[in-house]
Structure formats: structure tokens, C-alpha cells
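Asks: Please see the structure below; I have some questions.
Only the coordinates and a few stated rules stand behind these numbers; no lab work does. All values reported here derive from a predicted model rather than from experimental measurement. Positions of Cβ are backbone-derived with ideal geometry, glycine not excepted, and every protein chain shown enters the neighbour counts.
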Amino acid sequence: MALYRQDSSRPETPAVTLSNTDDVQALGLEVDRLKLIVLSFPKFTDGRAYSQARLLRGRLGYKGELRATGAVFLDQLPFLLRCGFDSFESDQPGFGEALHRARSLFSVVYQPTEDGRLPVSALRLASRQ
Amino acid sequence: MRCDMPDTHFYHYDSYDRALVAERVAQFRDQVRRRLSGELTEEQFKPLRLTNGLYLQLHAYMLRIAIPYGTLSAQQLRKLADIARKYDRGYGHFTTRQNLQLNWIKLEDAPDALAALAEVDMHAIQTSGNLIRNVTADHFAGAAVDEIEDPRIWCEIVRQWSTLHPEFSFLPRKFKIAITGSPNDRAAVRVHDVGLRLWRNEAGEVGFEVIVGGGLGRTPMIGKTLREFLPKDELLAYLEATLRVYNRYGRRDNLYKARIKILVHEIGVEKMREDVEAEYAEIKDGALKLAPETIEAIARQFAPPDLVPRKPESAAVERLRLEDRDFGLWLKSNTAPHRVPGYAIVTASLKPAGAPPGDASATQMDGVADIAELWSEGELRVSHEQNLVLPHVAIEHLPSVWKALSHLGFGEANVGKITDIIACPGLDYCALANARSIPVAQRISNHFADLARQHDIGDLKIKISGCINACGHHHVGHIGILGVDKNGVELYQISLGGDVDFGKTALGTILGPAVEADKVVEAVDSLVTTYLEQRGEGERFVDTYRRIGAEPFKERMYGAL
């Protein structure tokens, strides 16, 4: 299993690994202390960790590393990145190259998320003003 | 290459929408290449192709093309005809979800077919898979007399928000949203995962009733009210909260218990409401709140065509009505009142006697596109009853429109009648089906082909599904027919009393043991005879059934077999 990290110099402890059925909000203020949270995808098609990621980033303001593990494939990358993941464990050939391309695969996004990209609705509003 | 899009009275893509669809085609082209080279296994490829509308069916790949809120321009319909000719066998099938299915697509052609669609601002994104599907609406939207507000404005807002939603692309199961803007619901909002009904409250404000957990399939349920009145600008925040609760807590251990209706049923609507409202409270004032300018900019694009009011009487119409009985019947069943005086909404029946419901050849699609261009402001709708709608026809043009539609085979005066049957593709195409649906529909259609008799029988909705997944909506048919497989024999279970009219949404009750395929026509005939003998003044089939109950129908039907 290869590990792809956005910033390999960052500390990886203290860390916590969660099951995708855990209530991330129970971490509460604890997240400020954590440097790494690992969320799991038992199956490619089990998308619970996307909601966990958004709650960690958006609701709890978690700033550390957020890692996806399990059934992590390159075709999920645009979604994973938008939900705030910034490190990935995957054994799929070509994953690293796909990671480089993933952010530019779609120049347009419709949803506001915690990745900081401006959704189309905001761009349109700005162009009208 | 892109075509120039003519002016329409519905949403126009801008450069952002076009960029997204083009990038999606490029992404899928790469995924198909990786599949063909063996880099992706079928197991890995399946969820990717499904979210681009590509199914692997019994005989070939099937491409399901999204027709958002059932609205099409003549130019778009012509492009669909082109695609059917070039990449398929020259015909397509309009579905109960206002989509178009092509049944004979080759995998290596699929990216080119999607690129061709993109030329007219169309796509097949999210027409399958466990995510938010193409949003459906009232097929009379923008023309109906009883409309409070055009629901398509909100469908488009939801379409954009749900397209490639990063959090909700791997839900427990598929998620269908329908929106109606009329008190007379024509979008079946109570049998969707989420149904939205625009209504005006006592303060005169328009908002949504949010209905959750309806659905057909193997566990049919009528949706429950989650929120009585939701301010319009809070729609996306409320939907995001609802979907988040479903994504986190919806069951994933059993495919058949994974829809939101099961979650709502198991935890109860009160607990569901509590969870959704708690989540909603956190995000309601955030980035999902819709700015008035955003709503207005989209609403403007749905501004109705500038129709000049005309005289409602037409000598030409009157003359032809007296001369031709079929035209008179067609006026009664296939035209509906328009909000502008002197106009009508015309339904082109895709159910000529004996034909597979909802099928149209490329030539017929081109023909309907011509008619729309000549006489309906270049616009069309696809109805969930698998017909095509010409929304803006001047009354004096009705004779021309009827003749032109009849020439194409779409002028049958049977809308809402016994031969206006909804049927799923069934075992002739579908990998899930247990029994055939189309041949059963065709036999019933042939048996009741006589138009005067159909009009005497009156409004009667027959809906046929080839398996318990209920794509033919048999649960809500006045007469519902469900194909089942008993030890390799196709049998049909008959139910009565289903309905989707608003306020009366009801699920049918099974009459008794399933009947053999060659007995279905006799069975339906005996049900109709019972009704004709027992009906009271002005009663439709389903009204008589409600009044007298199942027993007389049951006795007659099983006695006749």
C-alpha cells in the first residue's frame, strides 16, 4: 500500500483512526490536538467517510492531515479532495500521477465545500457585480 | 464542436456548465480507455459507467440520457434522433423518469455519443448509480393553468447543486427528487425519496412542503411530510442536511433496505425530522443559502414565451371536430388548458395501438421536433407517463398539429385512457426483470384499440412492471400489473386502486393469485366490464373501485379465467 501525502514533513502524531460509523463530532475540541486523522473506505461504494471529512473540516475546523484508507481508487480523487482529504493510501497503479491531475480534472464546481474553491454560483454573482 | 443554441424559454447553459460537461466527457473517455485496455476491472468500472448513464443490460449496453425536468428544445430532440441513428438502431425509449434510453450502445462508442450530447447542452450524468438522480418535474410546467410557480427553476438549482456532489456520490442507494409547482400534482411527489411541493401559505409567501421517504420498488411507501413550509432560499441547505443524515445513517447492509424510505420507516419521521433540523440549523446561514440574484438569474431563463392571447374559438377546429370523430376525441383527451387564452397544451401519445409504450424512432423524433418548431415555440416536454408534450399550441393550429402527429403515429386520442399504458422495458431488455412487460402492454393496447370504447371507459391508468423494482409504477396504477416468475413461468399479479393524484396518493391492493400471461387481457377485460356495469354517474374506474371494493371485481375476474 503506497502512501501519498501532500506534505511529507508534517508530524503524524498524535493520530487517530476512525471507523466510518464513528460520530466524528464526538471528538469535539480534541481535534485541535490531533495531527492526523485516518478515515476508512471499506468499499469504494461506501461513502460515509465523505460526510465525516466534511464535518471534521467544516464543523470542527480540523486543520491537520486527513487520510483516506481502504478501497481508495484514483477515480474518487476529485471527490476526496473536495471533501478535505489531503493524504491517501492506495495500491492502485497510476494513483500518484492521477493525484497530480485530479485538481484540474474539473475546472468548475457547483458546491461550496471546505476546499476553498469558489462554486459556480459565487463566480456568477461576482461577474454580475 | 458546439452548435449554436437557439433562444429557448428554459435554462441556457453558460460557459461554466459547458466546461463541466465537456470535462466530464473527457474523464469518462479516459475511464472507458482504461476499461478496454484491462487497466480497470468490470467491478471497478461499473460504478463509473453507471454514473454516466451506462448500464450493461441483457443484450448490450444501454445509455440513459438525462432530460432534466423533462424539458427539451426541438434542436435537442433532433440531436437525440441523430444519436439514435448513429450509435443505436434508430430508435429510443422515453422512460417514466423523463429520460431517454438507447438500448444498443457499444462501449467504445459511448464517449462519442456523450460528446454529441454535449453539443446541445445535454448529458447522461447521474442517470444511474447510488446518488442524486436526474430531477423530475410536472410535465405541464410553465404552461399549466393551476401553477403557482414554475418548478423547473428549482429543478435546475437542484440539478447544479447535485451534479458531481463530492459528499453524496456514494450514497447507500439511489436518490430521486421530484418537484411540483401545482396543487394538482403531476410529478408524483409523494412517491419519491424527496418530493417538493411549492405552495402559498397564509402570509402569501411561496415555499416548499418537503416530503421524504416515498417510493415504489419492492417496499412501496407514501412519503411523509418532513417540513410543512420551507423558505425557498433555504432549499439547498435543507436538502444538504437531509442527504447528510441519509449518507451517515442510511442502511448499507442490505441493498433492499438501503433507500431513505427504510431509514425513515425504521427511525420514524419524528426522529428523522429532529436529525435533519439539527444538521440544517448548523448550515442554514452558510454558503448554501441562495442569493436572490442567483434565484432571479435562473428564474429569468424560464420566463414563458411571449404568447399573444387569441380567441378561444376557432372555425377550423369546430369544422374538423364535426367532420372527424377521432379529432373530437383527441381534443378531449390529448389537450389541456393553457394559462394563456387561445392556447392549449397538447400531449402527443407515444402509445399508438399495439406499440411498445414510450418508443420513438429517429424519424418520429425528427417529426415531433418539426411540429414543436412550427407550432409550439420550439419546445417539448417528456412526461413521466412516457408521452411527449407540446406545451404552447394555439387553438387554431390544433387541426394541423393533430394531422401532423397522426401522420407520425403519435396522434392517438388515448391520453389518460386504458391504452395509455406505462410499462417498464421488462424482460425484453432488462437484466433485472422476471417477466416481459412490453408484450403484455401491446396485447392490452390491441384489445382496447377502439377509441370510442376507450373514451366510454374513461380515465383508467394501467401500469405494468416486469419485476418488483416497479419501474412501471404498478403500485400506483388504477390497475397495476406486476410480472413475477414462478418456477420459470411468467405470471402476472393484478392490483387495483393505486393512484398518484395529489391528496389521493394510494397504493394498489393485490386482488388475488397471479394469472398466466395469456389470461391478462381477459382479466383486464373482466375488470372493465365490472366497472361498466357498476359505475355511478361521473365515476372513473378507480372511484367505482373505492366505492364498491375489491370483491365484485375479484369474483368476476377469477370467474372468467
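Asks: May I ask you to verify whether residue B:549 is under 29 Å from residue B:189 (Cβ atoms), in contact (Cβ under 8 Å) with a residue 24 or more places away in the chain and either of a type outside the set (A, V, I, L, M) or touching a His at 6+ places or on another chain (Cβ under 8 Å) (or both)? Talk me through it step by step, then tell me what you get.
Replies: Numbers: under 29 Å from residue B:189 (Cβ atoms): yes; in contact (Cβ under 8 Å) with a residue 24 or more places away in the chain: no; either of a type outside the set (A, V, I, L, M) or touching a His at 6+ places or on another chain (Cβ under 8 Å) (or both): yes.
No; evaluated as a whole, the condition is false for this residue.
Asks: Considering only residues that are over 18 Å from the mean Cα position of the chain (by Cα) and either at positive phi or touching a residue at least 60 places away in the same chain (Cβ under 8 Å) (or both), which ones fall in the range B:469-488? Even if it seems obvious, please write down each step before you answer.
Replies: Initial filter on the range B:469-488 (over 18 Å from the mean Cα position of the chain (by Cα)): B:479, B:481-488.
B:479, B:487, B:488 - these are the residues of the range B:469-488 that are over 18 Å from the mean Cα position of the chain (by Cα) and either at positive phi or touching a residue at least 60 places away in the same chain (Cβ under 8 Å) (or both).
Asks: Output yes when any residue across the range B:308-325 is in contact (Cβ under 8 Å) with a residue 60 or more places away in the chain and either surrounded by 23 or more Cβ atoms within 10 Å (Cβ to Cβ) or within 23 Å of the chain's Cα centre (by Cα) (or both), and no when none is.
Replies: no
Every residue, every condition in (1) surrounded by fewer than 23 Cβ atoms within 10 Å (Cβ to Cβ); (2) within 16 Å of residue B:288 (Cβ to Cβ); (3) in contact (Cβ under 8 Å) with a residue 24 or more places away in the chain; (4) touching a Leu at 6+ places or on another chain (Cβ under 7 Å), yes or no:
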residue	(1), (2), (3), (4)
B:140	no, no, yes, no
B:145	yes, no, yes, no
B:175	no, no, yes, yes
B:179	no, no, yes, yes
B:185	yes, no, yes, no
B:195	no, no, yes, no
B:199	yes, no, yes, no
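Asks: Select, from B:15, B:37, the only residue that is farther than 20 Å from residue B:389 by Cα, exposed (fewer than 15 other Cβ atoms within 10 Å of the Cβ) and within 11 Å of chain A (Cβ to nearest Cβ).
Replies: Working: B:37 fails: within 11 Å of chain A (Cβ to nearest Cβ).
Exactly one of B:15, B:37 is farther than 20 Å from residue B:389 by Cα, exposed (fewer than 15 other Cβ atoms within 10 Å of the Cβ) and within 11 Å of chain A (Cβ to nearest Cβ), namely B:15.
Asks: Being buried (at least 20 other Cβ atoms within 10 Å of the Cβ), part of a helix (DSSP H, G or I) and among the basic types (Lys, Arg) is the filter here; which residues of the range B:79-123 pass it?
Replies: Matches in the range B:79-123: B:79 only.
Asks: How many residues does the range B:51-73 contain that are touching a strand residue (DSSP E or B) at 6+ places or on another chain (Cβ under 7 Å) and either buried (at least 23 other Cβ atoms within 10 Å of the Cβ) or outside any loop (DSSP other than H, G, I, E, B) (or both)?
Replies: Summing the residues that are touching a strand residue (DSSP E or B) at 6+ places or on another chain (Cβ under 7 Å) and either buried (at least 23 other Cβ atoms within 10 Å of the Cβ) or outside any loop (DSSP other than H, G, I, E, B) (or both) in the range B:51-73 gives 14.
Asks: Counting residues that are aromatic (Phe, Trp, Tyr), in contact with a strand residue (DSSP E or B) (Cβ under 8 Å, 6 or more places away or on another chain) and more than 10 Å from chain B (Cβ to nearest Cβ), which helices (runs of 4 or more DSSP H) fully inside the range A:15-129 reach at least 1?
Replies: Values: elements: A:48-54, A:77-82, A:95-105, A:120-128.
Filter on the range A:15-129 gives A:95-105.
Asks: Something else about it: Quick check on my filter: what residues within the range A:37-95 are more than 15 Å from residue A:5 (Cβ to Cβ), among the polar types (S, T, N, Q) and touching a Phe, Trp or Tyr at 6+ places or on another chain (Cβ under 9 Å)?
Replies: The answer is A:45, A:51, A:76, A:92.
Asks: Scan the range A:42-89 for residues that are among the acidic types (Asp, Glu), buried (at least 20 other Cβ atoms within 10 Å of the Cβ) and touching a residue at least 40 places away in the same chain (Cβ under 8 Å) and report the count.
Replies: Here the count works out to 1.
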